[in-house]
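In what follows, a structure is listed as structure tokens, so that the remarks can point back to it.
Nothing in this text is a laboratory measurement; each read-out follows from the coordinates by a stated rule. What you see is a predicted model; the values in this text were computed from it and never measured. Methodologically, a virtual Cβ is constructed for each residue, glycine included, from the backbone with ideal geometry; neighbour enumeration extends over all protein chains shown.
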């Protein structure tokens, strides 16, 4: 902001000492320091408010962009749903026409003679093998092996 060097501060101090006087100079310097601190705090607050407003504006723009993209995607989905709905309605109409045509041809055919219910034969029984016919309650007839081989 301002580029004030040490020599310029020294000149300002000497002039203030001469103009204000040595008795009132400390009180004026203290008051000037307080005012300078208030000014810095005010400038910092204004900068923070401006920064917050800029960020808020960017967030609003991003939200609007997001809303527009969602609305366009919803419109595309709705359009595709309409296409699918139209296709399904068309196919349903075609099926209704086919069913009515088939019903009209069925009414022209002679009715088939009533038939008796089919006779279900039981499956053929296979003879049991010798191993299946052994009773399971009897102990094993083979002698137990000792595990040693000669």
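A compact table of results
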item	result
Inter-label distance for residue 53 and residue 76, nm, one decimal - labels placed 7 Å from Cα along Cα-to-Cβ	3.8
Three-way shape call for region 1-56 based on the alpha-carbon gyration tensor, with the a/c threshold at 1.5	oblate
